[in-house]
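Notes follow once the structure below has been shown.
The values are calculated or read from the model by the stated rules, or taken from the named source; none is laboratory data. This is a predicted model, so every value here is computed, not measured. Cβ placement follows ideal geometry from the backbone for every residue including glycine, while neighbour counts extend to all protein chains displayed.
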Amino acid sequence: MFQKWVEKTIVLGEEKTVEVRKDSFWKRRVRIMARVGLEITSVENFDEVINKPCVFCMPEKLAKFDEKIFGKEMLENEHAFLFPNINPYAAHSAVCAFKKHYIKPGDFNATMIENNLELCMKYLEKVREMDEKAKYFSINWNYMMPAGASILHPHMQVVASEHPTTYMEKVMEDKNAFKEYVREEVKSERFVGSVDNIEIFTPFAPFGFNEIVGVVKGSLNGNISNIASVLEKIISYYASIDRNSFNIAIYSSFDDSIPPHFRCITRQNMVKYYRNDCMFFEKLHEEVILEKKPEEVARELRKFLKT
Ligand SMILES: [Zn+2]
């Protein structure tokens, strides 16, 4: 399932190496090399953006649900509120914002994340009642602008449809092969541990920087608080290595076709004149360039989870 080789070349009298990895389940390759500057790690002050007026701080300006269908215009609990996405990505598309306008990665706690995920699940229950065709869903998070967020105020996004995404379709194509893929990763040196009912590993051929995958044992609904507690640890790990932008996706379905699991990656930090972390390799060749091996990420995370 996993193959790797090293390509060598001489530049200015010095040997340079590129490790190429091929993952036959995902049918994709990644390249790992010494620093190429795609992963920006410096931390700059961005108070100017934090202090801008924000539409998520003005709930009256946000889109509302039809009260006849949802019973409420907006779903709400102590730390989060959920409302329709004004730019829907699918037949069912909602935004679940945290109540605080700005939260540093190190300041997210499990309760806040759990509150947010609970509202996402409530919304999905309604979707299920309204539209039995909408089988596939995901809960997604772009944290900060380099990760694709258009608004700084932290928020997750729920997307549900009768059609899977490209990623989901790959998982569904051969569910046994996906299970075999997870088994291979769990057997490897990249397995971080089984924490709160979730098997955590760093993948052989990551989709992005510092990638961590969690596979839920059991149902998604029954493990919301476990996922929240693991995500708190992962985000705290990202904070500990000074990353302030990340993406998270939780994938699942109402039938049994997509085993509930999530992927987390860091993106570039919030710096003013940044170089994008996607170039021709990522966008046009479907290959990710990495500067750190997933085995190293696993070692760091393992150490972090123990302390
Ligand atoms: Zn705000």
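Taking the stretch 73-96, which residues are of a type in the set (V, I, T) and touching a residue at least 40 places away in the same chain (Cβ under 8 Å)? It would help to see each step written out before you state the result.
Restricting attention to the stretch 73-96, the residues satisfying the condition of being of a type in the set (V, I, T) are 86, 95.
Hit for the stretch 73-96 is V95, nothing else.
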Residue list for the stretch 255-281, restricted to those being without any contact (Cβ under 8 Å) to a residue 24 or more places away in the chain and under 22 Å from S42 (Cα atoms) = Y273, N276, C278
Quick one: how many residues across the stretch 222-281 are modelled with pLDDT of 95 or more, over 16 Å from the mean Cα position of the chain (by Cα) and acidic (D, E)?
-> 1
Over the stretch 5-27, the set of residues under 23 Å from F281 (Cα atoms) and either polar (S, T, N, Q) or out of contact with any strand residue (DSSP E or B) (no Cβ under 8 Å at 6 or more places or on another chain) (or both) is T9, V11, T17, S24, F25, W26, K27
Would you check which residues across the stretch 97-106 are in contact (Cβ under 8 Å) with a residue 60 or more places away in the chain and within 16 Å of the ligand (Cβ to nearest atom) and list them?
-> K104
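Can you pull out the residues in the stretch 111-122 that are hydrophobic (A, V, I, L, M, F, W, C), away from the ligand (no atom under 16 Å from the Cβ) and over 16 Å from the mean Cα position of the chain (by Cα)? Talk me through it step by step, then tell me what you get.
First, pick out the residues of the stretch 111-122 that are hydrophobic (A, V, I, L, M, F, W, C): 112-113, 117, 119-121.
Still in the list and also away from the ligand (no atom under 16 Å from the Cβ): 113, 117, 119-121.
Once the filter is applied, which keeps residues that are hydrophobic (A, V, I, L, M, F, W, C), away from the ligand (no atom under 16 Å from the Cβ) and over 16 Å from the mean Cα position of the chain (by Cα), the stretch 111-122 yields L119, M121.
Yes/no per residue for (1) within 14 Å of the ligand (Cβ to nearest atom); (2) farther than 30 Å from P203 by Cβ; (3) in contact (Cβ under 8 Å) with a residue 24 or more places away in the chain; (4) out of contact with any Cys (no Cβ under 7 Å at 6 or more places or on another chain):
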{"residue": "L38", "(1), (2), (3), (4)": "no, no, yes, yes"}
{"residue": "V55", "(1), (2), (3), (4)": "yes, yes, yes, yes"}
{"residue": "A63", "(1), (2), (3), (4)": "no, yes, no, yes"}
{"residue": "D66", "(1), (2), (3), (4)": "no, yes, no, yes"}
{"residue": "G71", "(1), (2), (3), (4)": "no, yes, no, yes"}
Based on what the data block shows, is F65 of a type in the set (A, V, I, L, M, F, W, C), over 30 Å from S225 (Cβ atoms) and surrounded by 16 or more Cβ atoms within 10 Å (Cβ to Cβ)?
-> no
For Y123, are the conditions met, namely being buried (at least 19 other Cβ atoms within 10 Å of the Cβ) and either of a type in the set (F, W, Y) or farther than 20 Å from S257 by Cα (or both)?
-> yes
Where a residue in the stretch 154-178 is within 20 Å of A94 (Cα to Cα) and of a type in the set (S, T, N, Q) and its partner, wherever it lies, is at pLDDT 95 or above and part of a helix (DSSP H, G or I), with Cβ under 8 Å and at least six apart | none
